[in-house]
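The values are calculated or read from the model by the stated rules, or taken from the named source; none is laboratory data. Everything numeric in this text was worked out from a predicted model, so none of it was measured. Don't worry about glycine lacking a Cβ; one is built from the backbone with ideal geometry, like all the others, and counts go over all protein chains shown.
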Amino acid sequence: MELEDDILGMPNLLLAIVGLAGAGKTEATEYIIKKTGWPKVYLGQGVIDEVKNRGQEINEQNERAVREELRAKHGMGAMAIVNLPKIQELYGQSNVIIESLYSWEEYTKLKEEFGENFKVLAIYTSFPIRAERMRNRPVRPLTESDLKSRDYSQIENLHQAGPIARADWTIINEGSKEELYKVLEQIIENLKIKN
């Protein structure tokens, strides 16, 4: 895997890991954090924080209402916008991982703010393999039909294909976890990440 020379030695890096459900985003994120100690910003945290600020119970209904309200106010880039102060605070101290970047508008907002120091790693896995993983997932498993519906919704409603298509690197994750870790190790090594 060839990496761009211009990113080596950057002062700080903001790295978003993107992909459709079941591709391996969480596995990759957790592995990079374990190896590097980078802090993570979960873009959905802005919604959870707002639900708590309102004194409401954390549940799907309340989260959806707040998420829709934030997007009505700020547009589809809302999750990046409401998390920007936290991202900037952490970014001033170290490299940062972004979890749950979905929309094209979130991507463009972070690109506008961080320029070439914002990079995206896409994890790609074919639908049949993702369907098998999601069917066997211990927490919130999905049927093949549910996964297809989720894919369409995320692509059409969240504009999720944009960040995947514009990724700086793409990993094909159709093998074992060990194979994924091997590729991630190469990325970590080539980026000269400080632990």
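Between Val82, Val139, which is hydrophobic (A, V, I, L, M, F, W, C), surrounded by fewer than 15 Cβ atoms within 10 Å (Cβ to Cβ), at pLDDT below 95 and farther than 13 Å from Leu15 by Cα? Outline the logic, then answer.
Working: Val82 fails: surrounded by fewer than 15 Cβ atoms within 10 Å (Cβ to Cβ).
Being hydrophobic (A, V, I, L, M, F, W, C), surrounded by fewer than 15 Cβ atoms within 10 Å (Cβ to Cβ), at pLDDT below 95 and farther than 13 Å from Leu15 by Cα holds for just one of Val82, Val139, which is Val139.
For region 101-111, what are the residues that are touching a Phe, Trp or Tyr at 6+ places or on another chain (Cβ under 6 Å) and surrounded by fewer than 21 Cβ atoms within 10 Å (Cβ to Cβ)? Steps first, please.
Going through region 101-111, the residues touching a Phe, Trp or Tyr at 6+ places or on another chain (Cβ under 6 Å) turn out to be 110-111.
Hit for region 101-111 is Lys111, nothing else.
Could you list, in sequence order, all residues of region 142-157 that are surrounded by fewer than 18 Cβ atoms within 10 Å (Cβ to Cβ) and among the aliphatic types (A, V, I, L, M)?
Ile155, the sole residue that qualifies.
Output the number of the condition that Glu105 fails; it satisfies all remaining conditions of (1) modelled with pLDDT under 95; (2) touching a His at 6+ places or on another chain (Cβ under 8 Å).
Failed condition: (1).
Leu101 passes all but one of (1) in contact (Cβ under 8 Å) with a residue 60 or more places away in the chain; (2) more than 10 Å from Val41 (Cβ to Cβ); which number fails?
Of everything listed in (1) in contact (Cβ under 8 Å) with a residue 60 or more places away in the chain; (2) more than 10 Å from Val41 (Cβ to Cβ), Leu101 misses just condition (2).
Would it be correct to say that Phe114 is in contact (Cβ under 8 Å) with a residue 40 or more places away in the chain and surrounded by fewer than 22 Cβ atoms within 10 Å (Cβ to Cβ)? Explain how you work it out, then say what you get.
On the way: in contact (Cβ under 8 Å) with a residue 40 or more places away in the chain: yes; surrounded by fewer than 22 Cβ atoms within 10 Å (Cβ to Cβ): yes.
It is true that Phe114 is in contact (Cβ under 8 Å) with a residue 40 or more places away in the chain and surrounded by fewer than 22 Cβ atoms within 10 Å (Cβ to Cβ).
If we keep just the residues of region 80-120 that are part of a helix (DSSP H, G or I) and of a type in the set (Lys, Arg), which is nearest to Gly175 (Cα to Cα)?
At the first step, the residues of region 80-120 found to be part of a helix (DSSP H, G or I) are 80-91, 104-117.
Right, trim to of a type in the set (Lys, Arg) and you get 86, 109, 111.
Numbers: Lys86: 35, Lys109: 33, Lys111: 31 Å.
Filtering first and then ranking leaves Lys111.
State all residues of region 39-58 that are part of a loop (DSSP other than H, G, I, E, B) and either at positive phi or in contact with a strand residue (DSSP E or B) (Cβ under 9 Å, 6 or more places away or on another chain) (or both); if no residue qualifies, say none.
First, pick out the residues of region 39-58 that are part of a loop (DSSP other than H, G, I, E, B): 39, 43-44, 54-58.
Once the filter is applied, which keeps residues that are part of a loop (DSSP other than H, G, I, E, B) and either at positive phi or in contact with a strand residue (DSSP E or B) (Cβ under 9 Å, 6 or more places away or on another chain) (or both), region 39-58 yields Pro39, Leu43, Gly44, Gly55.
Give Ser153, Ser100, Ser149, Ser145 a once-over and let me know the one that is in contact with a Leu (Cβ under 6 Å, 6 or more places away or on another chain), hydroxyl-bearing (Ser, Thr, Tyr) and closer than 24 Å to Glu60 by Cα. Lay out the reasoning, then the answer.
Details: Ser153 fails: in contact with a Leu (Cβ under 6 Å, 6 or more places away or on another chain); Ser149 fails: in contact with a Leu (Cβ under 6 Å, 6 or more places away or on another chain); Ser145 fails: in contact with a Leu (Cβ under 6 Å, 6 or more places away or on another chain).
Result: Ser100 is the single residue among Ser153, Ser100, Ser149, Ser145 that is in contact with a Leu (Cβ under 6 Å, 6 or more places away or on another chain), hydroxyl-bearing (Ser, Thr, Tyr) and closer than 24 Å to Glu60 by Cα.
Is region 82-89 home to any residue that is touching a His at 6+ places or on another chain (Cβ under 9 Å) and more than 27 Å from Asp146 (Cβ to Cβ)? Can you show your working first?
First, pick out the residues of region 82-89 that are touching a His at 6+ places or on another chain (Cβ under 9 Å): 82.
Filter again for more than 27 Å from Asp146 (Cβ to Cβ), leaving 82.
Scanning region 82-89, I find at least one residue that is touching a His at 6+ places or on another chain (Cβ under 9 Å) and more than 27 Å from Asp146 (Cβ to Cβ), so the answer is yes.
Matching residues to (1) in contact (Cβ under 8 Å) with a residue 40 or more places away in the chain; (2) within 20 Å of Leu20 (Cβ to Cβ); (3) out of contact with any strand residue (DSSP E or B) (no Cβ under 6 Å at 6 or more places or on another chain):
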site: Glu69; (1), (2), (3): no, no, yes
site: Lys73; (1), (2), (3): no, no, yes
site: Met76; (1), (2), (3): yes, yes, yes
site: Glu89; (1), (2), (3): no, no, yes
site: Ser126; (1), (2), (3): yes, yes, yes
site: Pro141; (1), (2), (3): no, yes, yes
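Can you tell me which residue is surrounded by the fewest Cβ atoms within 10 Å (Cβ to Cβ) among those in region 121-136 that are of a type outside the set (Val, Ile, Thr) and not in a helix (DSSP H, G or I)? Write out each step before concluding.
We begin by selecting, within region 121-136, every residue of a type outside the set (Val, Ile, Thr); these are 121-122, 124, 126-128, 130-136.
Okay, now just the ones that are also not in a helix (DSSP H, G or I), so 121-122, 124, 126, 136.
Working: Leu121: 22, Ala122: 22, Tyr124: 17, Ser126: 11, Asn136: 9.
Ranking the candidates gives Asn136 first.
Just a yes or no: is a residue in region 177-184 surrounded by 15 or more Cβ atoms within 10 Å (Cβ to Cβ) and closer than 19 Å to Ala78 by Cβ?
No; the residues of region 177-184 include none that is surrounded by 15 or more Cβ atoms within 10 Å (Cβ to Cβ) and closer than 19 Å to Ala78 by Cβ.
Hey, among the residues in region 144-166 that are at pLDDT below 95 and assigned to a loop (DSSP other than H, G, I, E, B), which one's farthest from Ile98 (Cα to Cα)?
So, considering only residues that are at pLDDT below 95 and assigned to a loop (DSSP other than H, G, I, E, B), the one farthest from Ile98 (Cα to Cα) is Asn157.
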